[in-house]
1. Set the Förster distance to 35 Å, then compute FRET efficiency between Asp47 and Phe21 from the Cβ-Cβ distance, nearest 0.05.
2. As a test of the formula, what do you get for the chain when each DSSP H run with n ≥ 4 contributes -39,500 (n - 2.57) and the sum is divided by the residue count, at 222 nm and rounded to the nearest 500 deg cm²/dmol?
3. Roughly how big is the chain's charge dipole about its Cα centre, with Cβ charges of +1 (Lys, Arg) and -1 (Asp, Glu), in debye to the nearest 20?
Amino acid sequence: NDCILKFGGGVLLGGVFSLLFFKRKRWPVILGGGIGIGMAYANCEQDLNATVLAHRSPPPCL
């Protein structure tokens with residue numbers, strides 16, 4: 001769900017910038033989508049790492 005929202009937002013922003021500033025080139029749309037997917041991946045990785053660290057038992061005291 002997060003990936004779809006961030007990808008869509010990136011494509012939308014890329015499309016707006018493409019129309020307004022870059023004479024309808026395709027690369028701002030692709031770049032925006034890629035940045036959106038990268039942000040969603042980073043959020044997912046952070047959530048997974050937090051879950052793993054929360055369930056890890058502390059090391060035994062010697």
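Each reported figure results from applying straightforward, stated rules to the coordinates on display, with no laboratory input. Here the structure is a predicted model, which is why all the values come from computation and not from measurement. FYI the Cβ positions are ideal-geometry reconstructions off the backbone, even for glycines, and counts take in every protein chain you see.
1. Working from the Cβ atoms, E equals 0.55.
2. Per the formula, -27500 deg cm²/dmol.
3. The calculation lands at about 460 debye.
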